[in-house]
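Quick notes on the structure that follows.
Nothing in this text is a laboratory measurement; each read-out follows from the coordinates by a stated rule. Bear in mind that the values here come from a model prediction, so they are computed numbers and not experimental data. No Cβ is skipped: glycine too gets one built from the backbone with ideal geometry, and neighbour counts run over all protein chains shown.
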Amino acid sequence: MEHPGGRTADDIVQPFQIEGPGLRGRLVRLGPAIDTILKRHAYAPPVAALLAETLALAAALSAALKYEGIFSLQIKGDGPVPLIVADVTSDGVLRGYAEVVGELPPEPDILAAPVPRLVGAGLLAFTVDQGEHSERYQGIVELAGTSLTECVHHYFRQSEQFGAAMRLSAGRNDAGLWRAGALMLQRLPDHEPIITREERDEAWRRAVILMDSATGEELLDRNLAPTDLLFRLFHEDGVRIFRQQDLAFGCGCSRGRAARILGSLPRTEIETLFVDGRITVTCQFCNTIEAFDPNEIAALYDA
Ligand SMILES: [Zn+2]
């Protein structure tokens with residue numbers, strides 16, 4: 001058993017294995033990355049918390065896949081928050097946003113059932129975009145559950161691919177900084193030692209109970225090192241810790257990309273987009289605004 005020490009870490013995926021039953025797991029801790037993403041927007045706290053959980057979920061799920069490109073998790077519905085998007089690149093770069101179109105119900109009502117009250121009835125879907133010449137894997141499931149954690153478990157039950165369990169948490173600490181965490185366990189039948197089916201099922205149930213015993217505070221506590229939390233939960237069966245992967249906020253938008261989008265529109269349409277003598281393009285993900293004056297717009301077409 002390896003124990004790299006009690007160092008704290010934020011913005012990481014910490015993969016691990018529970019040795020006895022041969023279960024794989026991942027702990028995701030998001031600190032500055034999630035705070036940066038959320039503070040670029042002015043979301044109501046329950047919306048921010050749901051987006052933060054969605055990003056932690058995306059980081060945990062994407063780390064279970066082998067891919068080169070962008071893993072994108074989308075939650076779509078008919079409620080006042082009809083869309084939540086979380087992207088994670090294979091290099092660990094995160095971005096995300098929530099679309100808010102309607103009036104939100106009172107906060108206590110939301111907290112009792114955040115997914116139905118905010119997103120409404122809809123779908124949870126993910127894609128892996130590996131560029132033009134490769135496959136797009138899609139997973140899709142109806143939103144069924146009051147919390148994002150419940151919706152994910154519904155997905156796991158529907159999916160052949162994942163025998164898995166998840167815990168998610170998000171919130172602000174005493175300093176007002178946003179944090180998010182995810183703890184995921186996964187059964188990989190090929191990796192489970194040759195014990196009886198009953199023993200394997202029993203080991204799985206026990207591991208899930210231990211995982212569920214982790215509190216939301218423990219998932220978020222920056223002073224509790226990821227390794228310390230994992231050893232505290234699973235030490236009886238032995239925990240093997242693998243190399244951490246770093247996560248960071250980043251957005252692929254640019255002025256050049258905004259210009260290309262405008263340049264692809266018909267010129268008659270673009271004339272209708274001027275407000276106060278300029279056209280602005282706002283990145284949904286990072287809220288960066290690019291403004292173009294009439295000369296710059298004209299140049300897009302003269303090129
Ligand atoms: Zn952006």
* **Formal net charge of residues neighbouring residue 84 (Cβ-Cβ distance under 9 Å; K, R +1; D, E -1)** => 0
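About its Cα centre, what dipole magnitude does segment 219-303 give when the only charges are +1 on Lys and Arg Cβ and -1 on Asp and Glu Cβ, stated in debye to the nearest 20? Mind showing how you got there, number by number?
Numbers: 9 positive and 12 negative charges, 50 e Å.
Here the size comes out at about 240 debye.
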* Asked: Based on Cα positions only, what radius of gyration and what Dmax would you give for segment 11-82, in angstroms?
  -> 14.7, 46
* **Disulfide-incompatible cysteines by the Cβ rule (no partner under 4.7 Å) in the chain** => 151
* Computed helical MRE - 222 nm, the chain, DSSP H runs ≥ 4 contributing -39500 (n - 2.57), nearest 500 -> -9000 deg cm²/dmol
* Towards the positive end of the charge dipole of segment 149-283, with charges on Cβ (+1 Lys, Arg; -1 Asp, Glu), say which of 282, 184, 195 has the farthest Cα. => 282
* Structure fact -> Final fewest-first order of 293, 87 on the 10 Å Cβ neighbour count is 293, 87
* Working from Cα positions, state the angle (0 to 90°, nearest 10) between the long axis of helix 197-212 and the longest principal axis of the chain. => 60 degrees
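Taking a quarter of the surface of the convex hull around the Cα atoms of segment 145-303, what do you get in nm²?
Numbers: hull surface 63.8 nm².
Averaged projected hull area, Cα only: 15.9 nm².
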